[in-house]
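Asks: Quick one: the structure is below, and I'll ask about it shortly.
No lab work stands behind these numbers, since they all come straight from the coordinates. On a predicted model such as this, the values are computed, not experimentally measured, just so you know. Please note: Cβ atoms are built from the backbone with ideal geometry, for glycine as well, and neighbour counts cover all protein chains shown.
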Amino acid sequence: MDAGSLWCGERCIVPVVSRTSRARERMVGLLGRRALPDGQGLLIVPCAAVHTVGMRFPLDLVFLDAAGHVLRCVAGVPPGRFGVWGGRLARQTLEVQAGWLDLAALDGARLDWRPASPP
């Protein structure tokens with residue numbers, strides 16, 4: 001997984017974001033974790049749909065197109081859901097702890113993942 005952060009213009013909205021595009025990492029996602037701390041997220045690329053089967057905590061989901069435009073936000077997806085689809089244009093999915101991120105503020109926004117600066 002690649003480490004970075006997620007930005008909306010010049011405002012950092014998720015300070016710690018792991019981004020994955022590898023098949024195995026995409027399949028595992030956040031499974032096995034007991035929680036996801038506030039300020040952290042997982043950006044899955046490519047990804048148009050997710051499930052929460054086997055999860056231990058609810059998620060908020062942000063579906064993005066290939067350019068990072070927010071297409072759909074889904075709040076409070078509980079564990080055990082079989083499929084949440086972002087729409088035909090969805091190419092990326094951000095997963096964060098439910099209730100942490102102001103999803104209403106993302107309506108129509110363009111988000112940009114930026115890699116962490118090298119030490």
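Asks: At a Förster distance of 22 Å, what's the computed FRET efficiency of GLU10 paired with HIS69, Cβ-Cβ distance as r, to 0.05? Don't jump to the answer; show the numbers that get you there.
Replies: Numbers: r = 17 Å, r/R0 = 0.79.
With R0 = 22 Å, the Cβ-Cβ based efficiency is 0.80.
Asks: Nearest 500 deg cm²/dmol is fine: what mean residue ellipticity at 222 nm does the chain get from its DSSP H runs of n ≥ 4 alone, each adding -39,500 (n - 2.57), divided by its residue count? Could the numbers behind the result be given before it?
Replies: Values: 1 runs with 6 residues, N = 119.
One gets -1000 deg cm²/dmol as the mean residue ellipticity at 222 nm.
Asks: Could you derive backbone 3J(HN,Hα) for segment 64-80 from the dihedral phi with the Karplus parameters 6.51, -1.76 and 1.60 (θ = phi - 60°), listing whole Hz in sequence and x where the residue is Gly or Pro?
Replies: My calculation for segment 64-80 gives 10, 7, 4, 8, x, 6, 5, 9, 7, 10, 10, 8, x, 6, x, x, x Hz in order.
Asks: Here is a follow-up. Say we join alpha carbon atoms closer than 10 Å with springs in a Gaussian network model of the chain; which of ARG81, ARG56, ARG11 then has the biggest fluctuation?
Replies: Highest fluctuation among the options: ARG11.
Asks: When the dipole is taken about the Cα centre of the chain, and only Lys, Arg (+1) and Asp, Glu (-1) are charged at their Cβ, what size is it in debye, to the nearest 20?
Replies: Details: 14 positive and 10 negative charges, 89 e Å.
Roughly 420 debye for the chain.
Asks: Which ³J(HN,Hα) values, rounded to whole Hz and listed in residue order, are derived for segment 105-115 from phi using the Karplus coefficients 6.51, -1.76 and 1.60 in 6.51 cos²θ - 1.76 cosθ + 1.60 with θ = phi - 60°, glycine and proline given as x?
Replies: 6, 8, 4, x, 7, 10, 9, 10, 7, 10, x
Asks: Something else now. Note down the net charge around LEU103, summing +1 for each Lys or Arg and -1 for each Asp or Glu among other residues with Cβ under 13 Å from its Cβ.
Replies: Numbers: positive: ARG72; negative: ASP60, GLU95, ASP102, ASP107.
That works out to -3.
Asks: Roughly speaking, what is the stretch gain from HIS51 to ASP112, that is 0.36 nm per residue apart minus the C-alpha to C-alpha distance, in nm to one decimal? Present the calculation step by step, with values, prior to reporting the outcome.
Replies: Details: separation 61, 0.36 × 61 = 21.96 nm, distance 2.38 nm.
Length gained between HIS51 and ASP112: 19.6 nm.
Asks: Continuing with the same structure: For the chain, calculate the relative contact order in percent as a whole number, restricting contacts to Cα pairs under 8 Å that are 6 or more residues apart. Mind showing how you got there, number by number?
Replies: On the way: 286 pairs, mean separation 35.6, N = 119.
Computed over the chain, the figure is 30 percent.
Asks: Tally Lys and Arg at +1 and Asp and Glu at -1 over the other residues with C-beta under 13 Å from the C-beta of GLU10: what net charge comes out? Display every interim value, and only then the final one.
Replies: Numbers: positive: ARG11, ARG110, ARG114; negative: ASP112.
Within the 13 Å Cβ shell, the charges total +2.
Asks: Could you list which residues have their amide H under 5 Å from that of TRP7, counting only those 5 or more apart in sequence or on another chain, with H placed in the peptide plane?
Replies: ILE13, ASP112, TRP113, ARG114
Asks: What number comes out for the charge environment of LEU89, summing +1 per Lys or Arg and -1 per Asp or Glu over other residues with Cβ under 15 Å away? Could you put the intermediate results ahead of the total?
Replies: Working: positive: ARG72, ARG88, ARG91, ARG110; negative: ASP65.
Residues close to LEU89 contribute a combined charge of +3.
Asks: Okay, next question. Rank ALA109, ALA49, ALA98 by mean-square fluctuation in a GNM of the chain with C-alpha springs under 10 angstrom and give only the top-ranked residue.
Replies: Greatest mean-square fluctuation among the candidates belongs to ALA109.
Asks: Continuing with this model, one more query. How large is ³J(HN,Hα), in whole Hz, for each residue of segment 46-56 in order, when computed from phi with the Karplus curve 6.51 cos²θ - 1.76 cosθ + 1.60 and θ = phi - 60°, using x for Gly and Pro?
Replies: Residue by residue, segment 46-56 yields x, 6, 10, 8, 9, 10, 10, 5, x, 6, 10 Hz.
Asks: Right, here's the next one. Taking springs between alpha-carbon atoms closer than 10 angstrom, which of LEU71, LEU43, LEU89 fluctuates most in the Gaussian network model of the chain?
Replies: LEU89
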